[in-house]
Amino acid sequence: MWTFVVVLLVAVNVALGAESLGRHRADPDQVSISGLSSGACFTVQYHVAFSKDIMGAAVFAGAPYLSYGISLIDVSVLQAGTNTAALSFNIDGTSNMRGDKVYLFTGINDNAVPQATMRKTYEYYQSYVDNNNIQFVTNLPAAHGMPTADYGGQCDQANSPEYLNNCDYNGAYHALNHIYGGLAKPAPYSTMATRGEFKTFDQGDFFYFTSPSLYSMDDEGFVYIPSGCAGRYSDCKLHIHLHGCNQGRQYVGDYYARHAGFNEVGELNNIIILYPQVTSAVVPVNPLGCWDWWGYTGALFATKNGFQMTAVHRMMERLLD
């Protein structure tokens, strides 16, 4: 009898996997999002769709909303599609973005997402965001990847699969400082992040009556809780950061999430950092583990009702609860 109970408990623990994402009552007026590559495209998508909830966005090598990777597309066509989506209530009203802070980064040596594509993203945002609130960084000799001050490979080389480029430039800090303003900057090689908690959480909690894998999302995600935000009622800021293709937990474990530079900034400035994770899939067709910014999960992918969009929004709401 006792043997059966022990075996049952072990089976339950294996099935449950990671712990549930905690509730920390973060400040709903201080929520921002960023991403790299496909995560950057999804960042734009999420910002546009949930603009009532987001006060700032940082795009590292991404593309405009509804562009489907077509770099030569007329931005006015994308803006018309955006306005139509807002009129049909598939996304929040675009006026919510007017006062937001937007940070855009494109490396001179980025051959995966050329600077021309990011200029389209800049042009797109200019119609919706006060232009004084947009910072567009174009002058670093960076290849495709996340620019850091102290970690990763050579700045002007694509460092697959982690895509962390040591450019003597703390992209995470500059992005978050533009969004929030007045942030303390971590020193290079800072160990600040050891003060907080880096956790793995169960993403299955945010898919009702189904599995994350049906929509190419991983079973587990990551979150960094600064030491100053550990309580139930933290009133901390919240930032969501999204990895790129071939860069999620399935490919690099927690390497990217631990070393992209966001945790150190979060620890110094009481910003919770949420890292949702996607994975590769045969069905839906997503062999490289990219975020859905072209429609592989269905026609509603870029709206508030998209499967991945809804899941990330539920994660956000959990941390705000």
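Listed values, structure above:
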read-out	value
Area accessible to solvent at R25, 1.4 Å probe radius, in Å²	100 Å²
Within the stretch 194-321: Cβ-based charge dipole about Cα centre, in debye rounded to nearest 20 (Lys, Arg +1; Asp, Glu -1)	160 debye
For the chain, calculated [θ]222 nm from helices alone, where every DSSP H run of n ≥ 4 adds -39500 (n - 2.57)	-8500 deg cm²/dmol
Cleavage-rule hits (trypsin sites (Lys or Arg not before Pro)) in the stretch 89-131: DSSP loop, at most 13 neighbouring Cβ within 10 angstrom	R98
Percent of Cα pairs exceeding the 22 Å cut-off, where the set is the stretch 184-321	38 percent
Solitary cysteines of the chain, where the nearest other Cys Cβ is not under 4.7 Å	C41
Cα extents of the chain along the three principal axes, largest first (Å)	69, 45, 37
Debye equation applied to the C-alpha atoms of the stretch 142-199, log10 I(q)/I(0) at 0.26, 0.28 Å⁻¹	-1.04, -1.07
Out-of-range pairs (alpha-carbon distance over 24 Å; input K101/K199; K237/K304; K101/K185)	K101/K199
Of all accessible heavy-atom area on the chain, the percent that carbon and sulfur account for (1.4 Å)	53 percent
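The values are calculated or read from the model by the stated rules, or taken from the named source; none is laboratory data. Keep in mind it's a predicted model, so treat the numbers as computed, not measured. Here Cβ is always computed from backbone atoms with ideal geometry, including for glycine, and neighbour counts include all displayed protein chains. Only protein heavy atoms, including side chains, enter the accessible area calculation; ligands, DNA and RNA are left aside. Shrake-Rupley method; radii C 1.70, N 1.55, O 1.52, S 1.80 Å.
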